[in-house]
Amino acid sequence: GEDVEQSLFLSVREGDSSVINCTYTDSSSTYLYWYKQEPGAGLQLLTYIFSNMDMKQDQRLTVLLNKKDKHLSLRIADTQTGDSAIYFCAESIPDSWGKFQFGAGTQVVVTP
Amino acid sequence: EAGVAQSPRYKIIEKRQSVAFWCNPISGHATLYWYQQILGQGPKLLIQFQNNGVVDDSQLPKDRFSAERLKGVDSTLKIQPAKLEDSAVYLCASSSPGGLAGLGELFFGEGSRLTVL
């Protein structure tokens, strides 16, 4: 099974906030990431957070990290139809370089 | 800047047949990855190259899967013979040493979707 767990589906109305949650297992992970995958496209890095931070904000995106509970969340403010996609949480694999463990992805559907 | 190119985008084969996927990474990217993404799951690393050398192929089913990157640029991933459970999207990604690779800056191609009947 996946070491990184996410809920599979989220439906949100346009203009509302979306919150996508993720739990990971490796407490020694240095970085945690959110990737976005639009239909028929590859994954694109959306944002990341260092493990020594608890929050990072980037325009409409807010990443919260609770290292004690190994919980990561992504909040998208003022969700737009263009935000409809699959969002993957990922953690870096310790003692490696460029290796990541991905969650199964959360499909976000934005309705008008 | 051109992105990671992959072909074919779609392939349908019968079990026990063979298939090959091609990837051209972003120019100058030394590290190349092949990931397998089964429907409803996250990408799983199959193999990682640094230039033309293999860094990690621990999750590559070597009895049927092979990959090469002979000149340190393009790469091919081959499956022979294919099984039903190989149906997946095969994603190629590349990254640049000294860039943000350690922070997650993988650049992915659009993927090659394989259906094995």
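The values are calculated or read from the model by the stated rules, or taken from the named source; none is laboratory data. Because the structure is predicted, anything quoted here is derived from the model rather than measured. Because the Cβ atoms are built from the backbone with ideal geometry, glycine has one as well, and the counts that use them run over all protein chains shown. Please note that ligands, DNA and RNA were not included when accessible areas were found on the heavy atoms of the full protein model with its side chains. Shrake-Rupley method; radii C 1.70, N 1.55, O 1.52, S 1.80 Å.
A few notes on this one:
- Candidates in the stretch A:2-23 are the residues that are within 12 Å of chain B (Cβ to nearest Cβ) and closer than 15 Å to A:Phe100 by Cα; of these, the one that is most open to solvent (accessible area, probe 1.4 Å) is A:Glu5.
- Counting only residues that are in a strand (DSSP E or B), closer than 18 Å to A:Phe102 by Cα and of a type outside the set (S, T, N, Q), the stretch A:45-84 holds 11 of them.
- Failed criterion for B:Lys44 (all others in (1) surrounded by 17 or more Cβ atoms within 10 Å (Cβ to Cβ); (2) facing another protein chain (nearest Cβ under 9 Å); (3) closer than 30 Å to A:Ser51 by Cβ hold): (1)
- The sole residue among B:Gln80, B:Gln17, B:Gln37, B:Gln50 that is within 11 Å of chain A (Cβ to nearest Cβ), open to solvent by 40 Å² or more (accessible area, probe 1.4 Å) and out of contact with any helix residue (DSSP H, G or I) (no Cβ under 6 Å at 6 or more places or on another chain) is B:Gln50.
- From the list B:Gln6, B:Gln41, B:Gln17, B:Gln50, the one residue that fits, being closer than 18 Å to B:Thr115 by Cβ and modelled with pLDDT under 90, is B:Gln41.
- Restricting attention to the stretch B:7-40, the residues that are touching an Asp or Glu at 6+ places or on another chain (Cβ under 7 Å), over 15 Å from B:Asn51 (Cβ atoms) and assigned to a loop (DSSP other than H, G, I, E, B) add up to 1.
- Answer residue from the stretch A:13-35, given it is touching a residue at least 60 places away in the same chain (Cβ under 8 Å) and among the aromatic types (Phe, Trp, Tyr) and is farthest from A:Asp58 (Cα to Cα) among those: A:Tyr24
- Boolean, A:Asp26 is over 23 Å from B:Val89 (Cβ atoms), of a type outside the set (A, V, I, L, M, F, W, C), open to solvent by 70 Å² or more (accessible area, probe 1.4 Å) and in a loop (DSSP other than H, G, I, E, B): no
- Which numbered condition B:Val55 fails, given (1) open to solvent by 60 Å² or more (accessible area, probe 1.4 Å); (2) part of a loop (DSSP other than H, G, I, E, B): (2)
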